[in-house]
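One structure below.
What follows draws every value from the coordinates through simple rules; no lab data is involved. Since this is a predicted model, take the numbers as computed values, not measurements. All Cβ positions, glycine included, derive from the backbone under ideal geometry; neighbour counts span all protein chains shown.
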Amino acid sequence: MPGPEQNQPHQQHHPHDKGYKQLLANKRTFLELLKTFVREKWVDNIDENSLIRLDKSYVLQDFNEKEADIVYRLRSKDRDVIFYVLLELQSTVDFSMPLRLLMYMVEIWREIYNNTPENERERKDFLLPVIIPAVLYNGANNWTAAVNFKEMLAGYRQFEKHVLDFRYILFDVNRYHKEELYRAANLIASVFALDQRMDAGELIKRLQKLADGLKNLSRDEFRQFIIWLANVLKAKLPETLREEVSRIINETNPWEVETMIMNLEITLDEMEQQAMIKGKLEGKLEVAKNLIGLGVDIDTISKATGLVADEVEKL
């Protein structure tokens, strides 16, 4: 099996990869992700100061252009717990996900085992840390891959007591209700609310709804939000508008959120108007071409379409 891509930069083919990885590299934001969306008792006992981010990737070479990951160790007095989050920011569901997660988990355990002194790992009380796997997915389609590993095994029910199994946590961005995200009123919930599938008009409405919460973010949290918004929003816009949107976002302070929203709304309105004008022009040109094909004279075509004679002659 290929080794992990440790400490080596690799290409991410989705603009969200960089944005989410930067967000979750902040342990306060990572803890926020767990406490907002994982409703299990053990989450309440996690202390931010006990979290340590591991600055390496375990993504295998076969997948290094498809995904990114983030790894944390939770240190406690009697044991360590590893959180492994795979950023699956693709448009389609990968049904091999349980197997891929197992491969990454084994890589982590193997590294820990190999880095433990031989006299320690041969002791009866030597234990590997628990690994809690998770997937962050923002595709439009419902996540229909198995969430339990055993479901990938043929006939597992007959041998259920004896087969390997684990269940991963799924953060399915598009399946959270927007009202739930508004109520959370924190950085990661705001990001999820804006990352769901929507048109430009709905994006502005959601920004307006989130404005008060965004103003209450710390400077560091707001900076993270701005970086994420610029990285993702620009990728959705035509190249002619990216520089202007980048300027609007990057010049914004927390207390100027309403101004940022207003300026973004104006820019997006201009984009829609330009698209409408372009569409109307393309429609006129298509009509003119059809009339030319029917042998209609240029003056008549010009009057019928509103195009000047020179434009018609060039067709």
Legend entry - Cα Rg over Rh - the stretch 128-180, Kirkwood: 1.09
Inset, instruction - Within 10 Å of each residue's Cβ, count the other Cβ atoms and sort Asp299, Asp172 from fewest upward. - result: Asp299, Asp172
Legend entry - Packing-based order for 132-142, 159-169, using average beta carbon neighbours within 10 Å, highest first: 132-142, 159-169
Inset, instruction - Bin width 5 Å, alpha-carbon pairs only: give the P(r) of the stretch 172-212 as whole percents, running from 0 to the bin holding the largest distance. - result: 5, 27, 40, 23, 5
Legend entry - Above-threshold pairs, the threshold being 25 Å between Cα atoms, out of Lys27/Lys150; Lys178/Lys215; Lys56/Lys215; Lys21/Lys178; Lys27/Lys205; Lys150/Lys178: Lys27/Lys150; Lys56/Lys215; Lys27/Lys205; Lys150/Lys178
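Give me the number: length gained by fully extending Thr300 to Glu286, i.e. 0.36 nm times residue separation minus the C-alpha to C-alpha distance, one decimal in nm.
Computed gain between Thr300 and Glu286 is 3.5 nm.
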Inset, instruction - With N set to the residue count of the stretch 15-175, report its C-alpha Rg divided by 2.2 N^0.38 Å to two decimal places. - result: 1.08
Inset, instruction - Would you mind ranking Phe171, Phe126, Phe222 so that the residue whose beta carbon has the fewest other beta carbons within 10 Å leads the list? - result: Phe126, Phe222, Phe171
Legend entry - Highest average packing first - 184-197, 96-109, Cβ atoms within 10 Å: 184-197, 96-109
